[in-house]
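Novice: Sending over a structure as structure tokens; questions will come in a sec.
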Amino acid sequence: MTVRPRGDGLVVVTRPEESAAALSRALEAAGLRTLTVPSLRFVAACEPQDWRLTVERLATYSHIVFASRTAASFFAELCAERGPPLARVVERATVAAIGPATAERLRALGIAPAFVGGGRGAHELVRELVERGVVLPSSRVLVPRSDVALEALVDLLEQAGAGVDPLTVYSTVPEAPERAHELHAALGRGEHVAAITFASPSAVRGFLAVAGDVGAALLRDPGVRIVTIGGTTSGAVRDEGLEVDVEATLAGIDGLVDAALRALRSPRPG
């Protein structure tokens with residue numbers, strides 16, 4: 001007998017407001033009810049001296065690797081506001097995207113990535129780049145990123161012999177506690193939270209900061225499933241002393257939807 005996902009509970013989406021809608025639509029299309037609690041936001045953060053140095057070195061970069069669509073967006077904004085034009089910046093470099101969502105954003109910006117990974121994290125991306133001969137020991141790579149980006153991508157590229165320059169183009173900061181108002185209101189109406197989804201380590205920390213004691217209690221409630229997009233995010237959950245119920249095995253939004261459905265179809269262990 002097929003066990004259908006419980007339709008009486010809410011699935012909380014913790015992504016930033018600008019990217020939460022797509023995940024919410026996909027979850028709702030799968031028959032789930034959603035509640036968005038934006039737990040973090042992004043702000044431009046590139047220091048003028050870092051950008052000047054990057055522009056001076058543009059001709060030396062053989063590759064530009066984007067590990068998120070957000071990094072692509074903020075990098076493009078830098079080019080638009082401070083120059084040179086994005087098209088000129090990437091014309092001599094091989095542009096790589098960690099996965100389909102990042103590649104889609106690059107194409108929307110007018111850049112066709114030469115390489116698109118499977119979206120399964122830094123280790124898999126670098127393995128693919130090296131095995132396919134996209135990145136060589138002689139390569140020099142620019143990596144636009146967040147201020148809280150893990151060092152794995154840079155470290156792995158350096159281990160492959162490439163010269164790497166990380167460039168912080170945006171900061172990740174928690175949202176204001178007021179953004180949890182809808183969550184408090186729903187709980188006040190007697191609504192049940194069935195699952196909480198996390199698409200980044202920052203979202204885990206941000207949700208705890210935004211939702212406070214109420215959020216912490218939900219995450220420790222055995223009736224609430226914790227769903228993550230991948231291993232790095234799962235690690236952040238465990239760092240908070242919590243258990244992950246289901247980790248996505250597919251990339252991007254499809255992976256989170258699949259994981260949420262699996263979490264709600266299966267009884268919680270123990």
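Novice: Show the residues, 5+ positions off or on another chain, whose built amide H is closer than 5 Å to the amide H of Thr34.
Specialist: Residues meeting the amide H criterion: Val11.
Novice: Right, here's the next one. With +1 assigned to the C-beta of every Lys and Arg and -1 to the C-beta of every Asp and Glu, and no other charges, what is the dipole magnitude of the chain about the Cα centre in debye, to the nearest 20? Please list the in-between numbers first.
Specialist: Values: 28 positive and 32 negative charges, 118 e Å.
Here the size comes out at about 560 debye.
Novice: For a quick size check, give me the Cα extents of the chain along its three principal axes, largest first, whole Å.
Specialist: Taking the Cα atoms of the chain, the three principal extents are 59, 40, 32 Å.
Novice: Then there's this: Helix 201-220 versus the longest principal axis of the chain: what angle, 0 to 90°, nearest 10, using Cα atoms?
Specialist: Here the helix axis deviates by roughly 10 degrees.
Novice: Please give the calculated 222 nm ellipticity per residue for the chain, where each DSSP H segment of at least 4 residues contributes -39500 (n - 2.57) and the sum is spread over every residue; nearest 500 deg cm²/dmol?
Specialist: One gets -13500 deg cm²/dmol as the mean residue ellipticity at 222 nm.
Novice: Can you tell me, using C-alpha contacts under 8 Å and at least 6 residues apart, the relative contact order of the chain as a whole percent?
Specialist: With pairs under 8 Å counted, the relative contact order is 22 percent.
Novice: Follow-up. Report the relative contact order of region 1-115, percent, no decimals, based on alpha-carbon pairs under 8 angstrom and at least 6 residues apart. Present the calculation step by step, with values, prior to reporting the outcome.
Specialist: On the way: 127 pairs, mean separation 23.3, N = 115.
Contact order relative to length: 20 percent.
Novice: Taking amide H positions as placed in the peptide plane 1.01 Å from N, state which residues far from Val164 in sequence (5 or more) or on other chains have amide H under 5 Å from it.
Specialist: Excluding prolines and chain starts, which carry no amide H, the hits are Val141.
Novice: Quick one: grab the alpha carbon gyration tensor of region 43-172, order the square roots of its eigenvalues as a ≥ b ≥ c, and give me rounded if a/c is under 1.5, else prolate or oblate depending on whether a/b is larger than b/c.
Specialist: Details: a/c = 1.38, a/b = 1.31, b/c = 1.06.
Rounded.
Novice: Viscosity 1.567 mPa s, temperature 4 °C: what is the translational diffusion coefficient of region 1-103 from Stokes-Einstein with a Kirkwood Rh over Cα pairs, rounded to a whole number of µm²/s?
Specialist: Answer, rounded: 78 µm²/s.
Quick note: the coordinates plus some simple rules give every number you see, no bench work behind them. Keep in mind it's a predicted model, so treat the numbers as computed, not measured. A quick note on method: Cβ atoms are made from the backbone with ideal geometry, for glycine too, and the neighbour counts reach across all protein chains shown.
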